[in-house]
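Student: Below are the structure tokens for one structure; questions will follow.
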Amino acid sequence: MNDFFEKVVELFTTPRYIESLLHGFLLTMQIAFFAIIIGLILGTIIALVETARKSRWMVVPKFICQVYVTVIRGTPMALQLFIMFFVIFAIRGFPQIVIAIIAFGLNSAAYTAEVIRSGIQSVDTGQTEAGLALGLSRWTIFRRIVAPQAIKNVIPALGNEVITVIKETAIVSMVGLYDLNMAAKDIGSGQNMSSYIVPMFVAALFYLVTIYLITFIVKRIEIRLRKSDRRA
């Protein structure tokens, strides 16, 4: 046990070790951050298409969105990443981090779309009918009545999706990107450390602290939204 803690101290006090971990952590966060942004934007668009009123103009867009969500949710993330790297973007010199961001962003969009769709559909349709009866446009009803309630309903699920994306980025080391996992593996294979236990433990701490902070922020947002409901 003493040797374990000595190795932990050595890791945090050795500049090249901590620099490797921070470099890997930064790459992990970059991929996750931009993937979440892509997922949120594209997922919202897909959800709006899926919940739009039925019309002949929306048949094809709805079908495309449904197929997209089904395919993405029905295939492993690792397989999607490999397809992006070795098939679609098999271009010499194309930035690997961009490929990873696109892959995780497209994957996240499918799950985010389902979260937002369920949030929109959880709002009682009677409120939309009441708004129409009062002469409000559908856009006004959505913006002022449906969207605010839907957002409150989906905050916990969106928080879970953010956490999932961050953890799923751990597989980028499989395609050669130097993320947090790869940094821990690199340190563990060194002569001085000579064990994967300590660097993997420290990498797990990085993930744990990050996930805890995100969970804390999401809970604070939920509490604030509940307070605003009571004041209303």
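Computed from the coordinates by the stated procedures, all read-outs in this text should not be read as laboratory data. Computed from a predicted model, the values in this text were never measured in an experiment. Note: ideal-geometry Cβ built from the backbone for every residue, glycine included; neighbour counts use all protein chains shown.
Student: Quickly estimate the mean residue ellipticity at 222 nm for the chain, helices only: each DSSP H run with n ≥ 4 gives -39500 (n - 2.57), and the total goes over all residues, rounded to 500.
Tutor: Helix contribution divided over all residues of the chain: -26000 deg cm²/dmol.
Student: Of the peptides 198-205, 51-58, how do they stack up when ordered by the mean number of other Cβ atoms within 10 Å, highest first?
Tutor: Result, highest mean Cβ count within 10 Å first: 198-205, 51-58.
Student: Any aspartates and glutamates with Cα under 14 Å of the Lys62 Cα? List them, leaving off those in the same chain fewer than 8 positions away.
Tutor: Straight-line reach from Lys62, under 14 Å: Glu50, Glu114.
Student: Please compute the modelled spin-label separation between Phe216 and Arg138, points set 7 Å along Cα→Cβ, answer in nm with one decimal.
Tutor: Computed distance between label sites Arg138 and Phe216 equals 4.4 nm.
Student: Give the residues of segment 69-113 whose amide nitrogen is closer than 12 Å to a point set 7 Å from the Cα of Gln30 in the direction of its Cβ.
Tutor: So the set is 95-101.
Student: Segment 157-174 to segment 54-93: how many Å between their Cα centroids?
Tutor: Spelled out, the Cα-based centre of one part sits 18 Å from the other.
Student: Okay, moving on. What are the ³J(HN,Hα) couplings of segment 57-64, residue after residue, when phi is run through the Karplus curve with 6.51, -1.76, 1.60 and θ = phi - 60°? Round to Hz, x for glycine and proline.
Tutor: The phi angles translate into 6, 9, 4, 5, x, 5, 5, 4 Hz.
Student: A further question follows. When you take every Cα atom in segment 60-136, what is the radius of gyration, and what is Dmax, the widest Cα pair distance, in Å?
Tutor: Taking only Cα atoms of segment 60-136, I get Rg and Dmax of 18.2, 59 Å.
Student: Here's another thing I want to ask about it. Which residues' amide hydrogens lie under 5 Å from the amide hydrogen of Met58, considering only partners 5 or more residues apart or on another chain, with H built in the peptide plane?
Tutor: Under 5 Å from the amide H of Met58 lies no amide H from a residue far enough along the sequence or on another chain.
Student: Here's another thing I want to ask about it. Rounded to the nearest 0.05, what FRET efficiency do Arg224 and Thr70 give with R0 = 30 Å and r taken as the Cβ-Cβ distance? Could you check?
Tutor: 0.25
Student: Continuing with the same structure: I'd like the Karplus ³J(HN,Hα) series for segment 109-115: coefficients 6.51, -1.76, 1.60, θ = phi - 60°, whole numbers in Hz, and an x wherever there's a Gly or Pro.
Tutor: 4, 5, 6, 5, 4, 5, 5
Student: Please give the charge dipole size of the chain, origin at the Cα centre, charges +1 on K and R Cβ atoms and -1 on D and E Cβ atoms. Round to the nearest 20 debye.
Tutor: 1200 debye
Student: A follow-up question, please. How large is the Kirkwood hydrodynamic radius of segment 104-154, counting all unique pairs of alpha carbons, in Å?
Tutor: After inverting the mean inverse Cα-Cα distance, the result is 11.7 Å.
Student: With each pseudo-label sitting 7 Å past Cα toward Cβ, what's the Thr125-Phe201 distance in nm, one decimal?
Tutor: 5.7 nm
Student: How large is the Rg to Rh ratio of the chain when both quantities use alpha carbon positions and Rh follows Kirkwood?
Tutor: With Rg and the Kirkwood Rh in hand, the quotient comes to 1.09.
Student: Students often forget the sequence filter, so: which aspartates and glutamates lie under 15 Å Cα-Cα from Lys167 once same-chain residues fewer than 8 apart are removed?
Tutor: Asp179
Student: Separate question: I need the peptides 83-96, 151-164 ranked by packing, meaning the mean over residues of other C-beta atoms within 10 angstrom, with the highest value on top.
Tutor: 151-164, 83-96
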